[in-house]
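The values are calculated or read from the model by the stated rules, or taken from the named source; none is laboratory data. Because the structure is predicted, anything quoted here is derived from the model rather than measured. Backbone-built Cβ (ideal geometry, glycine too); neighbour counts: all protein chains shown.
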């Protein structure tokens, strides 16, 4: 079997929303202490395992892929976990952005679900990802 080349996971600060850095990451498992206070656009599903990574540090906000929402809303479970620690969270529609590709989430993602904190900040379903991130930075 031929050896397959695997690209490293993408993680990059690409801009700022207000005073908060905006960090794109293909996987929320890449979140680290230096990301505290950043708005993270993750291309991971928004399930409990992703929520566990996202709640390790107090982020300025966090976005996931809704993964089609799934049984018992498993694909958006992280939103409640973020709400519980005071962090705005939203998911981007699986129809708008590819799971695992943060650049695609940033360029094409459309908000599908929000927690109460994100809604209070003005983030709404149907917003492009970049507009939603900018709204959190105001």
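Residue pairs whose Cβ atoms lie under 8 Å apart, separated by 6 or more positions or on different chains, with the first residue in segment 106-122 and at positive phi and the second surrounded by 17 or more Cβ atoms within 10 Å (Cβ to Cβ) and in a helix (DSSP H, G or I), are 122/135. From the list 47, 60, 86, the lone residue that is more than 16 Å from residue 128 (Cβ to Cβ), in contact with a helix residue (DSSP H, G or I) (Cβ under 9 Å, 6 or more places away or on another chain) and surrounded by fewer than 16 Cβ atoms within 10 Å (Cβ to Cβ) is 86.
Contact map, segment 34-49: first residue at positive phi, second residue surrounded by fewer than 24 Cβ atoms within 10 Å (Cβ to Cβ) and assigned to a strand (DSSP E or B), Cβ cut-off under 9 Å, separation 6 or more or different chains; pairs are 37/20; 37/21.
Out of 123, 114, 69, one residue alone is crowded, with 19+ Cβ neighbours inside 10 Å, in contact with a helix residue (DSSP H, G or I) (Cβ under 6 Å, 6 or more places away or on another chain) and either modelled with pLDDT under 95 or over 15 Å from residue 14 (Cβ atoms) (or both). It is 123.
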